[in-house]
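Asks: Below is one structure. I have some questions about it.
The values are calculated or read from the model by the stated rules, or taken from the named source; none is laboratory data. All values reported here derive from a predicted model rather than from experimental measurement. Note: ideal-geometry Cβ built from the backbone for every residue, glycine included; neighbour counts use all protein chains shown. Only protein heavy atoms, including side chains, enter the accessible area calculation; ligands, DNA and RNA are left aside. Shrake-Rupley method; radii C 1.70, N 1.55, O 1.52, S 1.80 Å.
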Amino acid sequence: MKPFVYVTRRLPEPALQSLLQVCEVEIWDHDVPPPYEVMVEKVVDKEALLCLLTDCIDAGLMDAAPRLKVISQCAVGYDNIDVGAATARGIPVGNTPGVLTDATADFAFALLMAAARRIGEAIDYVRQGCWQTWGLTLLLGQSVYGATLGIVGLGRIGQALARRASGFDMRILYYDTTRQPEVESELGIEYRPLEDLLRESDFVSLHVGLTDETQGLMDRRKFALMKPTAILVNTSRGPVVDPEALYDALHEGQIAYAALDVTDPEPLPADHQLLTLPNLIVAPHIASATVTSRNLMAARAVQNLAAGLRGERLPYCVNPEVYG
Ligand code: DGY
């Protein structure tokens, strides 16, 4: 008999087909995530769980699933999963690094460009019939070419963004908890302590995972260090930025603009105060949303899940300590 697994959202067809070859699948076939209580009920008889970043996978849920052999997250970030609880229960947790790096870096750069050149406002201006003539001061933006970009978090995506920015002759600074001298010389980038990076950068792009240390990293004090012309880009996790501090910084002109793909809360309600600001653009967490990247993410999640079911080491495991 094939193992029985729970999948918390529809998967791209190729990934679903490969999953069906190795297990019997129950899928939450809706556009919004399954409620927590539903997941708890569904995992009772399952040997594996394939989940998304919108699902809260905590100790209670794991305890409701006595047969659970593997948790496979279809995303690179996994702050929605209590990994410590999984490790304590001997359950490996998989994620999908690598296959969304370029899509996410492309999108971060697209947000940077859109904010710098006020593309959202320009589109609205034309659609609203405001376009009367060519004007010397119409919708002036900021230069990207030659400007200073500060990258906070020099993982795969941060490095991929640096490569894109070099093509625009940007001066690139980075901050990370560990310095990476080889990457510095390969990419021609300079390390700065975070506060110095914030002071010097025209654009600041966030690429850190969400942890206790990075929650609220961008707070009032940090915004106060930034240039009044600076633009903040966030494609990491919403709670890395304090939303009230961001509102005040944008409202009071402490920084010029923000472009977010991730927010706190998520989804951002349409009546949220941030959405009243003219100097903010928000996308609905779609930085990795290309057909190629999402297919590869789902394939990698299935690969992790199948390995876990076979009792093999997950190819992409976030808690390798589970293997002793
Ligand atoms: C991730 O994978 O963590 C992104 O936020 C969604 O692709």
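Asks: Starting from the Cα-Cα distance between L140 and D31, subtract it from 0.36 nm times their residue separation and give me the gain in nm to one decimal.
Replies: Numbers: separation 109, 0.36 × 109 = 39.24 nm, distance 3.92 nm.
Here the segment from L140 to D31 would lengthen by 35.3 nm.
Asks: Moving to a separate point now. Kirkwood hydrodynamic radius of region 78-212 from all distinct Cα pairs, in Å? Present the calculation step by step, with values, prior to reporting the outcome.
Replies: Details: mean 1/r = 0.0580 Å⁻¹.
Result for region 78-212, one decimal place: 17.2 Å.
Asks: Between L275 and E121, with labels modelled 7 Å along Cα→Cβ, what's the label distance in nm to one decimal, could you check?
Replies: Result for the modelled spin labels: 2.0 nm.
Asks: Quick one: Cα convex hull volume of the chain, Å³ per residue? Don't skip to the answer; put the middle values down first.
Replies: Values: hull volume 49.2 nm³, N = 324.
Given the Cα convex hull of the chain, per-residue volume reads 152 Å³.
Asks: Skip the ligands, DNA and RNA, and give the accessible area per residue of region 175-324 with a 1.4 Å probe, whole Å².
Replies: On the way: 7070 Å² over 150 residues.
Ligands and nucleic acids excluded, the result is 47 Å² per residue.
Asks: Here's another thing I want to ask about it. Could you sort L161, L187 by their accessible area in this structure, using a 1.4 Å probe and putting the largest first? Write out the running numbers ahead of the final one.
Replies: Details: L161 0, L187 25 Å².
Correct descending sequence by accessible area is L187, L161.
Asks: Follow-up. Using a Förster radius of 30 Å, what is the FRET efficiency between H251 and I286 based on their Cβ-Cβ separation? Nearest 0.05, please. Write out the running numbers ahead of the final one.
Replies: Values: r = 26 Å, r/R0 = 0.86.
FRET efficiency, H251 to I286: 0.70.
Asks: Along the Cα→Cβ direction, 7 angstrom out, place labels at R220 and T54. What is the inter-label distance in nm?
Replies: Rounded to a tenth, the inter-label distance reads 3.4 nm.
Asks: On the full set of protein chains, 1.4 Å probe, figure out the accessible area of Y6 and give it in Å² to the nearest 10.
Replies: Surface accessible to solvent at Y6 totals approximately 0 Å².
Asks: Next up: Once the convex hull of the alpha carbons of region 1-106 is built, what does its volume come to per residue, in cubic angstrom?
Replies: Values: hull volume 11.5 nm³, N = 106.
Residue-normalised Cα hull volume stands at 108 Å³.
Asks: Moving to a separate point now. Output the relative contact order of the chain, whole-number percent, from Cα pairs under 8 angstrom with separation of 6+ residues.
Replies: Relative contact order of the chain: 19 percent.
Asks: Continuing with this model, one more query. Using a Förster distance of 25 Å, how high is the FRET efficiency between D45 and D79, based on the Cβ-Cβ distance and rounded to 0.05?
Replies: Working: r = 27 Å, r/R0 = 1.10.
About 0.35, to the nearest 0.05.
Asks: Then there is this: When all protein chains stay in place, what accessible area (Å², nearest 10, 1.4 Å probe) is found for F168?
Replies: 70
Asks: Then there is this: So, by mean Cβ neighbours within 10 angstrom, what's the order for 218-226, 252-260 with the highest one leading? Provide the component values of the computation, followed by the final result.
Replies: Values: 218-226: 17.9, 252-260: 20.4.
The packing order, highest mean first, is 252-260, 218-226.
Asks: Also, I was wondering about something else. Excluding residues fewer than 8 places away in the same chain, name every one of the lysines whose C-alpha is closer than 20 Å to that of K42.
Replies: K2, K69
Asks: List the DSSP H helices in the chain whose Cα atoms stretch 18 Å or more along the helix axis and whose mean Kyte-Doolittle hydropathy is at least -0.5.
Replies: Details: long enough: 101-116 (22 Å, 1.21); 291-309 (27 Å, 0.49).
Those that clear 18 Å and a mean of -0.5 are 101-116, 291-309.
Asks: If you wrap a convex hull around the C-alpha atoms of region 146-253 and split its volume per residue, what is the figure in Å³? Write out the running numbers ahead of the final one.
Replies: On the way: hull volume 9.5 nm³, N = 108.
Dividing the Cα hull volume of region 146-253 by its residues yields 88 Å³.
Asks: Same structure again: Compare W131, W28 by solvent-accessible area with a 1.4 Å probe and give them largest first, with all protein chains kept in place. Display every interim value, and only then the final one.
Replies: Details: W131 165, W28 45 Å².
Largest accessible area first, the residues go W131, W28.
Asks: Out of the GluC sites (Glu not before Pro) in region 154-214, which ones are loop residues according to DSSP with at most 12 other C-beta atoms within 10 Å? Each step should come with its number before you reach the end.
Replies: Details: sites: E182, E184, E186, E190, E195, E200, E213; in loops: E213.
Those that pass, being in a loop and sparsely packed, are E213.
Asks: Need one number: % antiparallel among DSSP beta bridges in the chain, to the nearest 5. Mind showing how you got there, number by number?
Replies: Values: 1 of 38 bridges.
Expressed as a percentage, antiparallel bridges in the chain total about 5.
Asks: Okay, moving on. Calculate what fraction, in whole %, of the accessible area of the chain sits on carbon and sulfur atoms when a 1.4 Å probe is rolled over the protein chains.
Replies: Working: 8220 of 15300 Å².
Here carbon and sulfur together make up 54 percent of the probe-accessible area.
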